[in-house]
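Asker: First the structure, which I've put down as structure tokens, then a few questions once you've had a look.
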Amino acid sequence: MKIIVAIKQVPTRDSQLNVADGGKWIEEDDLTFEINEPDAYALEEALQLKERDGEGEVIALCLGPSRATQTIREALAKGADRAIHIEEEQLEGLDTLGIAKLLAAAVKAENPDLILTGLQSDDFGYGQTGVVMAELLGIPHATIIMQVEKQGNAIKVKRELEDGWFQNMTIPLPALLTIQSGINKLRYATLMGIKKAKTKEIKTVTASDLGVPQGASATLDKVYMPQRTKQAVIFQGGDDPAKAAAQLVEKLKFEVRVI
């Protein structure tokens with residue numbers, strides 16, 4: 001079974017973010033980067049599927065600037081067989097659809113049996129790229145996957161729903177799944193894996209190579225840090241707690257809208 005795993009390079013979780021001059025994006029010069037954690041779980045699931053099947057190929061697919069090679073090498077060191085790097089330096093103008101078009105174009109040439117992505121990215125957290133990819137490729141998909149089992153030319157998956165409920169379903173291949181974080185234990189790259197990663201293939205392509213027209217599909221006007229404000233409201237209930245409580249409920253229901 002040929003499995004493609006879409007991975008993304010993001011700033012490390014404890015990074016101190018600062019807005020760059022011009023206010024259009026964050027300052028990246030002093031940041032360190034790592035593999036997006038939900039994507040790391042998708043990669044681990046792909047590697048385990050290959051090991052259970054006893055054969056197959058796991059391909060890491062990454063869209064990002066040249067620095068993303070570091071994250072791609074990490075995926076190869078953990079066990080991915082080869083990688084495809086869609087190298088684009090300016091990604092700020094791409095929305096989810098623009099990103100999904102590039103990823104889908106790279107996937108089409110490989111004709112995989114299964115595509116895995118993380119549920120969402122740690123930086124934007126849209127949770128849309130995987131399902132948009134599936135729509136562009138015309139294949140079935142399922143989200144928030146907790147368990148995957150191959151059954152002939154199909155896969156049986158367990159989805160996490162709300163309120164402690166789960167859904168079991170069977171999907172024909174090829175298909176796309178977005179993997180929930182925490183469904184497995186992440187492996188570390190071994191010394192042997194790191195050495196082997198240096199010899200594994202990384203195919204580098206661009207948007208023009210894939211035949212995907214480039215151009216800003218979204219305009220980012222301003223990036224800014226949330227403004228911290230303090231505001232207190234004193235409810236004038238006098239000696240009547242019930243009256244003060246009624247005012248509080250009215251605020252929470254009609255202004256804050258949490259009840």
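Asker: Filter region 131-170 down to residues that are in a helix (DSSP H, G or I) and of a type in the set (D, E, K, R) and give me whichever is surrounded by the most Cβ atoms within 10 Å (Cβ to Cβ).
Answerer: Our first condition is that a residue be in a helix (DSSP H, G or I); within region 131-170, this holds for 131-137, 162-164.
Next cut, of a type in the set (D, E, K, R) only: 135, 162-163.
Working: GLU135: 14, GLU162: 6, ASP163: 4.
The residue in question is GLU135.
Asker: Answer yes if at least one residue in region 13-25 is surrounded by 12 or more Cβ atoms within 10 Å (Cβ to Cβ) and among the acidic types (Asp, Glu), and no otherwise.
Answerer: no
Asker: Now, a different point. Give the residue, chosen from GLU89, GLU149, GLU74, that is of a type outside the set (A, V, I, L, M), touching a strand residue (DSSP E or B) at 6+ places or on another chain (Cβ under 7 Å) and under 24 Å from VAL10 (Cβ atoms).
Answerer: On the way: GLU89 fails: touching a strand residue (DSSP E or B) at 6+ places or on another chain (Cβ under 7 Å); GLU149 fails: under 24 Å from VAL10 (Cβ atoms).
None of the other options fit; the residue is GLU74.
Asker: Got at least one residue in region 15-37 being among the aliphatic types (A, V, I, L, M) and at pLDDT 90 or above? Before the answer, list the steps.
Answerer: Here is the first cut: in region 15-37, the residues among the aliphatic types (A, V, I, L, M) are 17, 19-20, 26, 31, 35.
Cutting the leftovers down to at pLDDT 90 or above gives us 35.
For region 15-37, residues among the aliphatic types (A, V, I, L, M) and at pLDDT 90 or above: present.
Asker: Can you pull out the residues in region 172-202 that are charged (D, E, K, R) and either touching a Lys or Arg at 6+ places or on another chain (Cβ under 7 Å) or surrounded by 19 or more Cβ atoms within 10 Å (Cβ to Cβ) (or both)? Quick ask: steps written out before the conclusion?
Answerer: So in region 172-202, the residues charged (D, E, K, R) come out as 185, 187, 195-196, 198, 200-201.
Those that are charged (D, E, K, R) and either touching a Lys or Arg at 6+ places or on another chain (Cβ under 7 Å) or surrounded by 19 or more Cβ atoms within 10 Å (Cβ to Cβ) (or both): ARG187, LYS200, GLU201.
Every residue, every condition in (1) under 21 Å from LEU49 (Cα atoms); (2) under 20 Å from the mean Cα position of the chain (by Cα), yes or no:
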| residue | (1), (2) |
| --- | --- |
| THR117 | yes, yes |
| GLY127 | no, yes |
| GLU135 | no, yes |
| GLN147 | yes, yes |
| TRP165 | no, no |
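Asker: Identify the residue in region 207-259 that is closer than 30 Å to GLU88 by Cβ and among the acidic types (Asp, Glu) and, among all such residues, is surrounded by the fewest Cβ atoms within 10 Å (Cβ to Cβ). First the steps, then the outcome.
Answerer: Filtering region 207-259 for residues closer than 30 Å to GLU88 by Cβ gives 207-226.
Keeping just the survivors that are among the acidic types (Asp, Glu) gives 209, 221.
Details: ASP209: 13, ASP221: 6.
So, considering only residues that are closer than 30 Å to GLU88 by Cβ and among the acidic types (Asp, Glu), the one surrounded by the fewest Cβ atoms within 10 Å (Cβ to Cβ) is ASP221.
Asker: For GLU110, indicate whether it is under 19 Å from ASN184 (Cβ atoms) and either modelled with pLDDT of 90 or more or aliphatic (A, V, I, L, M) (or both). Spell out how you get there, then give the answer.
Answerer: Numbers: under 19 Å from ASN184 (Cβ atoms): no; either modelled with pLDDT of 90 or more or aliphatic (A, V, I, L, M) (or both): yes.
Here the answer is no, as GLU110 does not meet what is asked.
Asker: Starting from region 166-186, take each residue that is closer than 19 Å to LEU136 by Cβ and list its partners that are at pLDDT below 95 and loosely packed, with under 11 Cβ neighbours inside 10 Å, counting only C-beta distances under 6 angstrom and pairs at least six apart or across chains.
Answerer: Listed by first residue and then by second, the contacts come to LEU173/ASN153.
The values are calculated or read from the model by the stated rules, or taken from the named source; none is laboratory data. Keep in mind the model is a prediction, meaning the values are calculated, not measured. Counting neighbours? That spans all protein chains shown, and the Cβs are built from the backbone with ideal geometry, glycine included.
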